[in-house]
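Structure record follows, encoded as structure tokens.
The values are calculated or read from the model by the stated rules, or taken from the named source; none is laboratory data. Just so you know, these numbers come straight off a predicted model, no measurement behind them. Here the Cβ positions follow ideal geometry from the backbone for every residue, glycine too, while neighbour counts run over all protein chains shown.
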Amino acid sequence: MPAHDHQVLEDVLSHIRTEHPTIARRWFEDLEPLGIVSGTFGVRAHSDPHRDYLRRNGLEAFNDAVRSVTGQLIAVRMLGPNDEWASATKNATSTKAKANSSQVDTTDAKIEIRAAAPAFVAAGGIKNTALVEPPNRTETKPPPASHVASERAWLDHDNALPINPDYGFDQFVIGPNNQMAHAAAVAVADNPGHAYNPLFIHGGVGLGKTHLLQAICLKIKQKHPSMVMHYVSCDGFMTQFMSAVQSGRMVEFRHTFRDVDLLVVDDIHFLAKRDRTQEEFFHTFNALYQGNKQIIMSSDAPPEEIPDLEERMVSRFLWGLVVKVDKPGFETRVEILKRKAHNRGLTLPDEVATEIAHHIDSNIRELEGAITKLQIVSSIEKNPIDLELTRRALGAEFTSSTAITGTGPTIEQIISEIMQFYHIKRADLLGKRRHKSIAHPRQIGMYLTRQNTKHSLEEIGAHFGGRDHTTVMHAVRTISKKCKDDQELLAQIRTLESRLRST
């Protein structure tokens with residue numbers, strides 16, 4: 001590939017990181033330029049899910065970037081590892097010449113393509129599958145790929161949910177809150193249809209259920225590319241069912257959901273109060289289970305707590321393994337923030353991750369939202385992400401916290417309470433001694449300061465004898481972890497906090 005093409009792609013990625021930062025990912029560096037043919041710049045991703053992510057989320061950004069970089073009316077075509085580039089572009093050119101399916105308007109620099117995605121027809125009916133490539137697209141004469149809608153039409157041929165390549169097992173942060181669910185998901189991905197069938201994952205909103213479901217799909221696609229899978233929301237299942245009933249296409253509907261090796265249904269709790277849909281899903285479940293086909297479901301509640309779910313459905317959901325995902329703890333939240341920032345190519349200082357994790361503890365989606373907001377503000381202001389930018393950008397999220405509002409005790413009051421409670425001298429508490437009788441109260445002091453004041457890790461370290469921020473962070477993590485298992489320590493912390501509130 002000519003060096004010029006690599007330079008074009010590098011410039012395109014640089015433009016995207018600057019002008020469209022929220023869609024940028026670290027794996028963009030692995031994209032391969034294929035050159036410019038017939039006004040189309042080819043870009044190859046290293047897997048089909050990565051290609052589909054680019055088609056679904058990045059086409060506008062890439063088209064804008066390539067036109068800005070080259071100064072020409074060029075469009076981007078995203079390809080997977082097995083997609084043919086030369087024949088596809090050749091066919092697109094001939095199609096454009098004889099089918100009059102596209103119209104170029106050079107006056108206002110717009111490209112318009114009028115074409116519909118071809119149906120994916122397989123033996124016995126329409127095969128609707130996620131992550132399974134349609135037949136050779138050159139055989140069906142695809143429209144010129146320079147238009148966003150025509151590219152996306154290929155993704156929407158089966159009404160399946162998109163698979164996000166960011167949701168692999170390598171990006172999942174394991175903690176006490178999700179360890180069992182993660183282990184079960186890995187086992188199913190390694191041995192679908194035999195490990196745990198069905199696998200039922202439940203938990204609150206935004207706690208990682210969807211991540212695990214998609215991680216299973218990605219791993220199975222990688223290890224068993226010939227397996228037919230379908231990943232759909234419960235709402236999508238119900239919508240397609242009602243449409244099939246009204247149009248008399250139940251044979252095709254059942255072929256879609258029963259002639260698969262893996263069926264993944266997100267938010268299965270929406271089956272509640274849907275008698276006809278429950279009846280159909282009951283028979284679908286039986287057909288798949290009897291054929292040793294893997295079934296995976298997620299829900300906000302365990303099967304027995306889903307209201308108005310038939311007993312026979314509850315019974316079948318309990319045949320396999322039911323696992324719960326809880327809210328992530330402090331350390332897990334810190335690691336999640338770092339992992340998501342790294343995936344976006346961001347540098348997130350430890351003190352920033354700790355600050356956010358202290359104040360956002362509801363779910364992972366809010367943590368990711370905080371990263372997105374920081375990324376946008378940092379890009380607009382052209383400033384690196386630090387504590388000052390974080391507090392300015394996320395002030396609204398932090399307003400309910402005493403650590404930001406400034407109410408509560410001062411560091412001096414906390415130090416004084418620690419000295420009195422543990423009967424130690426100030427010189428020892430703030431000094432260099434590392435004996436357990438001194439180090440332990442010192443860590444508690446740092447922990448309480450972090451929990452009850454607005455001071456940064458560096459500021460806390462400075463007050464506690466000039467220690468660096470990593471020492472403070474270690475102290476906070478240590479005490480947080482011990483409090484989960486040591487009831488005596490937890491009682492001491494609560495007593496100290498009670499005293500501090502009364503000062």
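Would you be able to say whether some residue in the range 482-495 is among the aliphatic types (A, V, I, L, M), exposed (fewer than 12 other Cβ atoms within 10 Å of the Cβ) and either in a helix (DSSP H, G or I) or in contact with a Ser or Thr (Cβ under 6 Å, 6 or more places away or on another chain) (or both)?
Yes, the range 482-495 has at least one match.
Please work out if residue 220 is in the same structural domain as residue 188 (by TED's automatic domain parsing), under 20 Å from residue 187 (Cβ atoms) and either among the aromatic types (Phe, Trp, Tyr) or modelled with pLDDT of 95 or more (or both).
Answer is no for this residue.
Here's a check for you: in the range 24-45, which residue that is aliphatic (A, V, I, L, M) and more than 24 Å from the chain's Cα centre (by Cα) is nearest to residue 340 (Cα to Cα)?
It comes out as 34.
Sort out which residues of the range 183-205 are part of a loop (DSSP other than H, G, I, E, B) and surrounded by fewer than 18 Cβ atoms within 10 Å (Cβ to Cβ), and write them in order of number.
Those that are part of a loop (DSSP other than H, G, I, E, B) and surrounded by fewer than 18 Cβ atoms within 10 Å (Cβ to Cβ): 191, 193, 194, 195, 204, 205.
Which of the residues belonging to the range 160-182 are touching a residue at least 60 places away in the same chain (Cβ under 8 Å), over 16 Å from residue 296 (Cα atoms) and part of a helix (DSSP H, G or I)?
If the condition is that a residue be touching a residue at least 60 places away in the same chain (Cβ under 8 Å), over 16 Å from residue 296 (Cα atoms) and part of a helix (DSSP H, G or I), then 165, 166, 171 are the ones that fit.
Which one of these is touching a residue at least 40 places away in the same chain (Cβ under 8 Å), among the basic types (Lys, Arg) and crowded, with 19+ Cβ neighbours inside 10 Å: 344, 333?
Details: 333 fails: touching a residue at least 40 places away in the same chain (Cβ under 8 Å).
Sole residue among the options that is touching a residue at least 40 places away in the same chain (Cβ under 8 Å), among the basic types (Lys, Arg) and crowded, with 19+ Cβ neighbours inside 10 Å: 344.
Looking at 459, 417 in this structure, which one is over 38 Å from the mean Cα position of the chain (by Cα) and not in a loop (DSSP other than H, G, I, E, B)?
Working: 459 fails: over 38 Å from the mean Cα position of the chain (by Cα).
That would be 417, the only listed residue that is over 38 Å from the mean Cα position of the chain (by Cα) and not in a loop (DSSP other than H, G, I, E, B).
If the Cβ limit is 7 Å and pairs must be 6+ apart or interchain, which residue in the range 74-86 that is within 12 Å of residue 61 (Cα to Cα) pairs with which residue that is small (Gly, Ala, Ser)?
75/39; 75/146
Go through (1) part of a helix (DSSP H, G or I); (2) buried (at least 19 other Cβ atoms within 10 Å of the Cβ); (3) at pLDDT 90 or above for residue 78 and report which single condition fails.
Every condition holds for residue 78 apart from (1).
Only one of 377, 314 is touching a residue at least 12 places away in the same chain (Cβ under 8 Å), aliphatic (A, V, I, L, M) and either touching a helix residue (DSSP H, G or I) at 6+ places or on another chain (Cβ under 7 Å) or in the same structural domain as residue 233 (by TED's automatic domain parsing) (or both). Can you tell me which?
Details: 314 fails: touching a residue at least 12 places away in the same chain (Cβ under 8 Å).
One residue alone meets the criteria, 377.
Restricting attention to the range 347-362, does a residue exist that is assigned to a helix (DSSP H, G or I), farther than 19 Å from residue 479 by Cα, at pLDDT 85 or above and not small (Gly, Ala, Ser)?
Checked the range 347-362: at least one residue is assigned to a helix (DSSP H, G or I), farther than 19 Å from residue 479 by Cα, at pLDDT 85 or above and not small (Gly, Ala, Ser).
Among the residues of the range 99-113, is any touching a Phe, Trp or Tyr at 6+ places or on another chain (Cβ under 9 Å) and either modelled with pLDDT under 85 or under 30 Å from residue 244 (Cβ atoms) (or both)?
no
Any chance the range 391-409 includes a residue that's modelled with pLDDT under 85, within 38 Å of the chain's Cα centre (by Cα) and on the phi > 0 side of the Ramachandran plot?
Yes: one or more hits.
Given the structure, is residue 56 charged (D, E, K, R), closer than 30 Å to residue 165 by Cβ, at pLDDT 85 or above and surrounded by fewer than 20 Cβ atoms within 10 Å (Cβ to Cβ)?
The answer is yes for residue 56.
Does residue 49 satisfy the condition of being in a helix (DSSP H, G or I) and at pLDDT below 90?
The answer is yes for residue 49.
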